[in-house]
Amino acid sequence: MYTVTKRMEISGAHFLHLDYPSKCQSLHGHNWVVTVTVQNDSLDKNGMVVDFTQIKDVVNEFDHHLANDIMKDVNPTAENMAKWIYDRIPHCIRVSVQETEGNVATYEE
């Protein structure tokens, strides 16, 4: 089994749609740390599970952008961002989105 992990730090902004009062409903920014893990029992014809650039291209959609614009009708919580990224990368098994030093959301099946 081959496993590849890519960790990236990106800067972006979002505001959350919540059913309770919160400062997170206002536009604010983060330096998100996104960690993507892909896995497969075989490699492609280039000797890769997934090209690191393909992972980077998906994650970089958020870099210096408003997550609300990228995710459209999905509330851009860290949890939803992790799932959004997961769904767009082949052979993905786990995505973690760290908003702050102590707050990390992970999606995996």
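The values are calculated or read from the model by the stated rules, or taken from the named source; none is laboratory data. As the structure is a computational prediction, the values presented were derived from the model and not from experiment. Glycine also receives a Cβ, built like all others from the backbone with ideal geometry; neighbour counts cover every protein chain displayed.
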Response to the item:
Every listed condition ((1) at pLDDT 95 or above; (2) surrounded by fewer than 16 Cβ atoms within 10 Å (Cβ to Cβ)) holds for residue 101 save (1)
Discussion item. I'd like the residue in region 68-99 that is more than 14 Å from the chain's Cα centre (by Cα) and not acidic (Asp, Glu) and, out of all such residues, is farthest from residue 26 (Cα to Cα).
Written reply: 91
